[in-house]
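J.: Just passing along the structure, written as structure tokens.
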Amino acid sequence: MSAKIAAVCISKEKGVRKTNIGEATLIPNWGMEGDAHAGKWHRQISLLSVDSIEKMREMGKQKGLDLVPGDFAENLTTEGLELFKLPVGTYLKAGETLLEVTQIGKSCHHGCEIFKQVGQCVMPKEGIFTRVLVGGKVKAEDSITLWQGIPVGIITASDKGAKGEREDTSAKEIEKLMPEIQGQVIDYRILPDDQDVLVEAMTEMVDQLGVGLLLTTGGTGFSPRDVTPEATLRVIERAVPGLPEAMRRESFAISSRAMLSRAVAGIRGKCLIVNLPGSPKAVRECLQVILPVLPHALDILRGTGGECGQPGTGKGI
């Protein structure tokens, strides 16, 4: 049986049962529109399976209760997925939306309605929590599936572009290439060459919006306004020098000016940030160099991939 959404539930208050309304709108980095648990935190949407509810139904009947979806304060009740076995970081396509699993189970507050009436609650052990990466409609009978792609963010650093004086063809070039790595652009911004503005945007896109791959274009040259590498260095926690080194090496075979690029790359949390050049042609050339290794790199970063060593060589990274 393919997995699906069995119920879509909402409540205006916390600590009470939710009502199955059949359809709702999910808002990126917020949660379900009108729901008490929505907000800029890591538990925006809660999910519980029908199988988990069935485990509690017999206990409920002994107390004179007929337990149904929403009674455990879950937003989405599902069928066909063992939710509590999904690791943190798993992506789920639910209707039009994209969710990221952020927590498995929780500490139950004994003031919840089910605990008061039954003396036990399945939500703390088998419920899961997610944040909304891509918003949209969800409704009962919509499919819910594991998604193996990469949520991508793009920042174009350009004073003229930010003023609307120049078309941003470089970002369009990046977006064209993303299907090659199952990438989906979930946030795009064109910003002035201002270091503080770039730092704020990068931090928000990674920490709050859940971008897994952040690609910047522009601002990597010698101009006094070219500050993208400096902004990136303020944001990353670990450097990944091999990626810009490879891009410069391959680009040098095309133009000796490639050695003037100051692009950097690095890791923040579980996101990889890579600086790309400003021109569409150079963007394409550099991305084609690193695209083959990005899915594996991100699998390792998120803890879903194997080691980088090659069998029989004894060599890794």
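J.: Quick one: G89 ticks every box in (1) modelled with pLDDT of 95 or more; (2) not in a strand (DSSP E or B) bar one, so which box is it?
T.: Failing condition for G89: (1).
J.: Among what's in the range 28-73 and is surrounded by 15 or more Cβ atoms within 10 Å (Cβ to Cβ) and acidic (D, E), pick the residue that is modelled with the highest pLDDT.
T.: D35
J.: OK, next. Select, from A282, A297, the only residue that is small (G, A, S) and over 25 Å from Q148 (Cβ atoms).
T.: It is A282.
J.: Hey, can you tell me all the residues within the range 143-198 that are acidic (D, E) and closer than 30 Å to T78 by Cβ?
T.: Residue satisfying the conditions is D187 alone.
J.: Look at the range 243-272 and say how many of its residues are crowded, with 20+ Cβ neighbours inside 10 Å, of a type in the set (A, V, I, L, M, F, W, C) and assigned to a helix (DSSP H, G or I).
T.: Residues in the range 243-272 being crowded, with 20+ Cβ neighbours inside 10 Å, of a type in the set (A, V, I, L, M, F, W, C) and assigned to a helix (DSSP H, G or I): 2 in total.
J.: Checking T228 against (1) without any contact (Cβ under 8 Å) to a residue 60 or more places away in the chain; (2) more than 19 Å from the chain's Cα centre (by Cα), only one condition comes out false. Which one?
T.: Evaluating T228 over (1) without any contact (Cβ under 8 Å) to a residue 60 or more places away in the chain; (2) more than 19 Å from the chain's Cα centre (by Cα) leaves (1) as the failure.
J.: Which of (1) farther than 22 Å from T169 by Cβ; (2) of a type in the set (G, A, S); (3) over 26 Å from the mean Cα position of the chain (by Cα) is the odd one out, the single condition G269 does not satisfy?
T.: The number of the failed condition is (3).
J.: Still on this model: Search the range 23-39 for residues that are assigned by TED's automatic domain parsing to the domain that holds V8 and pair each with any residue that is among the hydroxyl-bearing types (S, T, Y) when their beta-carbon atoms are under 7 Å apart and the residues are at least 6 apart or on different chains.
T.: So the pair list comes out as L26/T97; E33/T25; D35/S11; A36/S11; H37/S46.
The values are calculated or read from the model by the stated rules, or taken from the named source; none is laboratory data. All values derive from a computational prediction rather than experimental measurement. Counting neighbours? That spans all protein chains shown, and the Cβs are built from the backbone with ideal geometry, glycine included.
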